[in-house]
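Derivation of every value follows stated rules applied to the coordinates shown; laboratory data play no part. Just so we're clear, the structure is a prediction, and the values are computed from it rather than from any experiment. FYI the Cβ positions are ideal-geometry reconstructions off the backbone, even for glycines, and counts take in every protein chain you see.
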Amino acid sequence: MDASRRRFLRTVAGGVAAPLMVPGAGAAAPAHSLELYPATIDIGGDRPVSAWTFNGRIPGPELRVTRGGELSVAVHNGLQEPTAVHWHGIRIANAMDGVPGMTQEPIAPGARFDYRFTAPDAGTFWYHSHMRSSEQVDRGLYGLLVVEEEQPYPVDRELPLIVDDWRLDETGDISADFGNMHDASHGGRLGNWITVNGVSTPDIPVSRGERLRLRLVNTANARVMTLAFSGHPLHVIALDGQPVAPFQAGEEVTLAPAQRADVVVDMTAEPGARVPIQLVHQRGVLTVAHLAYRDTPGSAPRQQPPPALPPNPLDTRLQLDRALRRELVMAGGAMGSMASAVHRGREMPIRELVGQGMAWSLNGVAGLPEQPLFRAPRGSTVVLDLVNDNRWPHAMHIHGHHFRVIEGNGQSLPDSPWRDTTLLFGFDRVTVAFKADNPGKWLLHCHMIEHMAAGMLTWFEVA
Ligand code: C2O
Ligand code: CU
């Protein structure tokens, strides 16, 4: 047993990780408790891996709250390094956003931080470490956060599918080459091992006739995932936690890192069938799970298309003619043309930047700038022209807000969905718009975590 594990056991014995429901303590006691600590976890490879976990599990415990309700979580840091937890996609009170150095002090090893926030939107969200994320998220510090609608949505059952990409080394453990400059300047940390809900190629028991609501989440550091459900058409009902007018997506859906999709799918195959769920990639397909039909005959599959989800209280009234408009030029990466950028307040040539672990810039600045990209009065509409001036894909994420892509490569997109993360391909030009209605300091970054770590992040302030 290693030292950190022993330390955790002592912590449990000391009662810190016990349920924190203290009768009569009222609002003081968080309803949930998450402890981060190292653990050896079997993800189906040659050997169990040296993971970092929430409560000893990967994914961490599934957290649920009803729309408009309060979620309270006591986070205990049992790692040997500081951390912070971000509640991805929640239009959250700024102080609870979990960005160390911006919205809170890092949670020191052995320390506790209580998160307490209301969840305004029903949908599929997730939580993850937001400190040294390249390693902390990669080793397993993520979990599902479901905000339920007040009325149950008409399906037989829900099924979360949390898909992750791991890089295992020759020994079968998690490869320790975090943050290397090759990954940072190329497509990020791409792995060689896929898990669904923390295990490799699980059998997912289903019955003919069932209608499922899948909550699909891509928790990979860098891999864009296209998931294909052979013979099973998918009805998309929400993206990144915001309802969409239901549409048929064929049999596959693509998720950039951090993106989610809620899809309704009917189990229409024969009893006993084994239907692969496949990851589609450049060189073919990889089976990542099976829908394992029970042998017993089920009911007849439903015919009617799934209904729309009720709307969330998101302010969708953009005032484009009076918007605050900014351009964001994304430069750098391997085979790129970035010659220099400002880092820590000083212009540096590319060689020096690389020496500092920087490979990317936003508007000529590598790493978090001192000044925000903009300050917006609360309630104003913000329009950002994202110019991807390099050949690499990027998953741009905005904290605390949902936005729409209103224009892509010169084409106007009047009906695009509200999202918190959007995927740009090489040399794409994409215009996004949102209502800056959540006061505070918010990050805007690439969710390919190695790109963020190597400079692709900035921030803005809503006053
Ligand atoms: Cu998933 Cu900065 O976030
Ligand atoms: Cu990127």
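Quick notes on this one:
- Cut-off 11 Å (backbone N to label point 7 Å along Cα→Cβ of Ala111), residues of the stretch 59-84: 77, 82-84
- FRET E, pair Arg351, Arg391, Förster distance 22 Å, beta-carbon r, rounded to 0.05: 0.60
- Cβ-based charge dipole, the chain, positive-most Cα from Ile406, Gly140, Val85: Val85
- Considering only beta bridges that DSSP places wholly inside the stretch 74-223, some 70 percent are antiparallel.
- Projected label points at Ser230 and Ala245, each 7 Å from Cα along the beta carbon direction, are separated by 3.4 nanometres.
- Average 1/r across all pairs of distinct alpha carbons in the chain, invert it, and you get the Kirkwood radius: 22.9 Å.
- Along the chain, the longest continuous region that contains none of the GluC sites (Glu not before Pro) in a DSSP loop with at most 13 other C-beta atoms within 10 Å is 171-369.
- Antiparallel DSSP beta bridges within the chain, percent to nearest 5: 75
- Estimated purely from DSSP H runs of n ≥ 4, each contributing -39500 (n - 2.57), the mean residue ellipticity at 222 nm for the chain is -1500 deg cm²/dmol once divided by its residues.
- Nitroxide proxy distance, nm - points 7 Å out along Cα→Cβ at Glu327 and Arg64: 4.9
- Overall Cα dimensions of the stretch 386-463 - principal axes, largest extent first, Å: 34, 33, 15
- Part-to-part distance (alpha-carbon centres) for the stretch 189-214 and the stretch 75-149, which is given in Å: 25
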